Amino acid sequence: MRGWLNFGIGAAALLAAALATTQVVDNEYFFFAGYVVLQFVVLATAWNILGGYAGYVNFGSAAFFGIGAYVAVALFKAFEAPLAAQLAAAMAVTGLMGLAVGALTMRLRGVFFSIATVAIAVICETLVVNWGFVGGARGTAVLQPPAPPLFGSYTRMLFVAMTLFAVLAVAVARYIETSWIGRGLRALRDSEEAAESLGVPTLNLKLFAATASGALMGLAGAPLALYMSYIEPTSAFSLNYAVSALAMPIVGGTGSWLGPVIGALLLGSTQQIVTVTVSSELNVLIVGLLLVAFVVVAPQGIVGLLQRLSRLRGTK
Amino acid sequence: MPLELLIEAVIAGVLLGCFYAAVSVGLSVAFGLLDVPQIAHPAFLVLGAYGAYLLGTYGVDPLLAGALLTPLFFVGGLGVYRLYHAVFEGRRDAGLGGLAFLFGIAFIVEVALILAFGVDQRMVEAAYIGRSVALGELRLPIRMLVAFGVALLLTGTLALYLSRTFTGRAIKAVAQDQTALALMGADPVRIKQWAFGIATGTCALAGALLIIVQPVEPGLGRLYIGRTFCVAVLAGLGSMPGTLAAGVILGVAESIVLTSLGASWAPAVAFGLLLLVLAIRPAGLFGR
Amino acid sequence: MNAALLDVQSVSKRFGGFAALTDVSLGVRAGERLGIIGPNGSGKTTLINCICGALRGHRGTILFDGHDVTGLAPYQRTRLGIARSFQIPRPFASMSLVDNVAVPLEYVARRDLTDRDLAPRDSKRRGPLAAADIRAEALAILDQMGLQAGADALAATLTQVGLRKLELARAMAARPRLLILDEVMAGLSSTEVDEVLALLFTLSERGVTILMIEHIMRAIMRFSERVVCLDAGRVMAEGPPATIAADPMVRRIYLGA
C-alpha cells in the first residue's frame, strides 16, 4: 500500500510539473519533443505488458498506434467528437485488435503470434491507405479545436494529457506486475505447461495482456492527428514505432515497469537529438543497433544492470 | 470467373508458386528443421536481391550473381547461427530474446539498404526479363519460367542433399533427435550451424530470383514474412517436396485472389492461409 | 471409500503412425496408492498427459469424481483437484522458490471453495487461503521438502535434486485430491527417497489419492497398494505389488528375457 502511496505522490508531482511548464516555458519545441518522448513512454510500457511480462513479442506496434490515431481522427472529422470519446473509441478498437490477434494465435507457439502482428501491420496500413474518408495515402489535415482555458494552446493541453496517459499506462503496468495477474504471467512465460498444470488459466491471462497492451498502444496514438494538425499513413504507421516499442523496453529492462520508462526517456531523447542533428535514417539505425546489442549483451536491460551493480556493492 | 481466366490464373499461380517455394526453401531448413524463428530470412532475401542488383551494375547476369554470392551468404549464415546459438539457445527466455535479435537484424539490414541504395525501387536487366513466350492463348513471361526452373533446381538439389549425403542426413536427424545424434558421435551444434549456413546461402540465389521476378525496395522483406512462413509451415518440418507443393498452393491461391479481388488483397492471402494451416493442421502437409 | 475417484475409460492416443496408448482403462479408488511401472516408451507419461489435459484429442473418456473432464483445459482439472509433477522438472526459473510455490497457492488454494484442507501446519484450518497467508504457507511447504534455506533464491540456482523437490512442493501446494507423480524420485539418494516416501504416506493418510510412476522398484513396492504395468501403450498386468513383482510377464517386459 505504501508503494502505491509513493507512486501516487510522484505521479501528482509530475502532472503538476507538466502543467507548470505550459504556463512558464515559451519554447514550442520543448512541448513537441516532450510529447514525443511521453508518447513513447506509453507505447513502450504497453508493449512490455505483453512482451516483458508474458513473453509474447509484438512486431506490429505501429498498427495499434496508427489505428488508434486514425479511429480518433475519423470520429473527429465525422462527428467533431470530443477528445474523451476519441480516446475511448481508439482504445476499444485497438484493444479488440489485440484480443483478436491473441485469440487466433495464442494457442500456438509464440513465434506465430509475432508473425500475426506483422500481418496486422501490413493489413492495417493497406486498409487505411484505401480509406478515402481520412485522405487515403495523402492523409488529411485537421483543424485543432480552440485552446481550453488555462492552456496557451491546444497543443499544450495535449502535452499535459499525454503526461496523464503516461502516468496511467505506468500505473496499469505496475498494478499488473505486482498483482496475482503478474505472477501468473511470469509463470506462464517461464513454463506455460507447468503454469497450466498448477491452475493458471494461461490462455485467458495471455488474452488479457494482449487486450490491455493493444488498448494502451491505441491510447498513445489517438491524439496524434490533433497534435500534428495533420495525419498521413506513412508516418502514422512508421516502422520506427514498431522497432522503438521493442527496443525501449529491452534497453531499459523488461522485468519491471521502470524499464520501459527509462528506455523511452533515454532512447526517445536520443532520437530527438540525432534526428535534429544528423538524419532520421541514422536515428532509426541506432535504435536497431542498440536493440541487438542489448539483447545479446545485457538482456536484463539497464534496470537489470543497475540491480546487479547494487547487489555487488551490497556484498562488499 | 470465366474458365479461361481461371486457367490462366492457375498457370500463373503455379509459376509464381514455384518462385515462392524457392524463396522459402531456406526458411524450411532454418525454421522447419532447426526450429529457429528466422524472421530475418526475408531480409536476407532482399539483401541477396540488392547483391544481384549491385553486381548487375557491373554487367553480371543476376543468376550468375546469385551463384557467386552464395558462398558469401553461406559463411554469413554460419556466423549468425554461431552467435544466435551461443547467446539464445540456452537461455530460459529463449523466445523473447531470439525473436527480438532476429527482428533487430532484419531491421538493421533494411535500414542499411535504405542508407546505401535509397527507398526507390531497383530492377535488373537480362535477356530473359521483359519478354514472354506464347502458349496457345496464354502469354507466359520468360522470367517466370526462369524462376520456375531455378526453383525446381534448388529444391531438387536440397532434397537430394538432405537424403543422400551424410551431412544432409545428419541435418534431418538433428531435427528429430539431437541427443541420439550426439551419442552417435556427430556434433549437433556444428551440424545445425552448417544447415543454417545452407539456409542463408539459398538467399543469395533466391534473392536474385526475387529481383528478376519483381522490382525490389528495402521494405519488401516485410511483405515476404507472411509468404515464406506460410510456405515453410504448410510444407511441414522442413520437407523439400512439401515446400514445393506448399509454394504452388500459395501461388495459385494468391493468383486467383489477384484476378478476382485485385492486387491490394494479395498480401493478405499468405497470412490467411498460414492461420488456416495453423488452425487445422499445424504439422503441415508432410510433417508428422 | 470405494468409489472410483479417477476413471480412465478406453483411452487411445496416436501420434501420426505411432500408437502411444491403445485402449487403456484404469480405475483409481479415492484414497488409493497406485503405482505405475513400465519400460521407457511404454506410454506412462502419455497417459499422465491425457489424464491431466496436457494432451487432448485422444480417444476415450476421463472421469474425475464422476465428472467428465475429457474436454477440460489442464488448469480447470487442477482446480477440480488433479495435480502433477513433471518428469523433467519445469521450474519457473526467473522466480524465487517461494514465488514458485506461491503460484498454485494463488491460483488454486486461494480459490479453494471446498472442504479440502491439506495445509501442512494447521490441519484444523479450512476454506480458501487468505492472500496475506500465501508467503507463510509457501515457506511451510518448502520446509517440508527441506528447501526453506534458499527460499528466496531463484529457482534457476537449484540442483537437479532440488528441482525435483520443488516439483513436488508445487504439486502439493495445489491442494490436490489426486496427486500424480511422474518419476519424482529420479536421482534422489536412498535417504532422500525415504524422506519423500514418508511425506507421501502422510499425504495419503490425509486422504490424498496418489498415482506414482517410478522406476525405483523399492519405492513402488513399499508405497503402492496396487501396481499397474504398462508396455507398448497397453495395460499388461495389474495387481498387488508382490504379485506384480513375481509375474514372469512383467519380468520379461523389463528384462526383455
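All of the numbers you see were taken from the coordinates with simple rules; none came from a lab. Since we're looking at a predicted model, the values are computed, not measured. Virtual Cβ from ideal backbone geometry, glycine too; neighbours counted across all protein chains shown.
I'd like the orientation of helix C:134-144 relative to chain C: the angle between its Cα long axis and the longest Cα principal axis, in ° from 0 to 90, rounded to 10. Once rounded, one gets 50 degrees. At each listed q (0.20, 0.27 Å⁻¹), what is the log10 of I(q)/I(0) that the Debye formula gives for segment A:1-70 modelled as equal alpha-carbon point scatterers? Calculated log10 I(q)/I(0) at the listed q: -1.00, -1.11. From helices alone, chain B scores -25000 deg cm²/dmol at 222 nm; the rule is -39500 (n - 2.57) for each run of n ≥ 4 DSSP H residues, then divide by the residue total. Ordered by the count of other Cβ atoms within 10 Å of each Cβ, fewest first, B:230, C:229 give C:229, B:230.
Per the helix-only calculation at 222 nm, which mean residue ellipticity applies to chain C, given -39500 (n - 2.57) for every DSSP H run of n ≥ 4 and division by its residues, nearest 500 deg cm²/dmol? Intermediate values should be presented prior to the final figure.
Numbers: 9 runs with 89 residues, N = 257.
After summing the helix terms and dividing by residue count, I get -10000 deg cm²/dmol.
Helix B:142-164 against the longest principal axis of chain B: what's the angle in degrees, Cα atoms only, rounded to the nearest 10? The angle comes out near 20 degrees. Residues C:22, C:45, B:243 in ascending order of nearby Cβ atoms (within 10 Å, fewest first): C:22, C:45, B:243. Bridging of residue C:13 to aspartates and glutamates at a Cα separation below 12 Å is possible for C:23, once same-chain residues fewer than 8 apart are set aside. The angle between the Cα long axis of helix B:240-261 and the main principal axis of chain B comes to about 40°, on a 0 to 90 degree scale. Here the scattering of segment B:74-209 is modelled by Debye summation over its C-alpha atoms, one equal scatterer each and no solvent; at q = 0.15, 0.17, 0.18 Å⁻¹ the log10 of I(q)/I(0) is -0.96, -1.09, -1.14.
Report relative contact order for chain B in percent, whole number only (criteria: Cα-Cα under 8 Å, sequence separation at least 6).
Working: 486 pairs, mean separation 111.5, N = 288.
The value is 39 percent.
Modelled this way, with points 7 Å down the Cα-to-C-beta line, the labels at residue B:160 and residue A:107 are 4.3 nm from one another.
A viscosity of 1.306 mPa s and a temperature of 10 °C, combined with the Kirkwood radius over C-alpha pairs in the Stokes-Einstein formula, give the protein assembly as shown a diffusion coefficient of 54 µm²/s.
On average over all directions, what projected area in square nanometres does chain C have, based on the convex hull of its Cα atoms? Write down the numbers at each step before the final one.
Working: hull surface 55.1 nm².
Across all orientations, chain C yields a mean hull projection of 13.8 nm².
Across peptide C:101-108, the average count of Cβ atoms from other chains found within 10 Å of a residue's Cβ is 6. Each of A:180, A:257 was scored by other Cβ atoms within 10 Å of its Cβ. Arranged with the fewest first, they read A:180, A:257.
Hey, if you put +1 on the Cβ of every Lys and Arg and -1 on every Asp and Glu Cβ in chain B, which of B:21, B:132, B:257 ends up farthest toward the positive end of that dipole? Looking along the dipole axis, the top candidate is B:21. Using only side-chain charges placed at the Cβ, +1 for Lys and Arg and -1 for Asp and Glu, the dipole size of the protein assembly as shown relative to its Cα centre rounds to 1260 debye. Antiparallel beta bridges, as assigned by DSSP with both residues in chain C, represent about 55 percent of the total such bridges. Computed over segment B:170-210, the quotient of the alpha carbon radius of gyration and 2.2 N^0.38 Å is 1.44.
The sum of -39500 (n - 2.57) across all DSSP H runs of n ≥ 4, divided by the residue count of chain A, sets its helix-only mean residue ellipticity at 222 nm to -26000 deg cm²/dmol.
Look at the stretch A:285-296: the mean tally of other chain Cβ atoms within 10 Å of its residues' Cβ atoms is 6.
Among C:190-201, A:221-232, A:101-112, A:241-252, how do they line up by average Cβ neighbours within 10 Å per residue, starting with the highest? Working shown, then result.
Values: C:190-201: 15.2, A:221-232: 22.8, A:101-112: 19.8, A:241-252: 28.8.
With the highest mean Cβ count within 10 Å placed first, the list reads A:241-252, A:221-232, A:101-112, C:190-201.
Run the numbers on chain C and let me know its relative contact order in percent, using alpha-carbon pairs under 8 Å that are six or more apart.
Relative contact order here is 26 percent.
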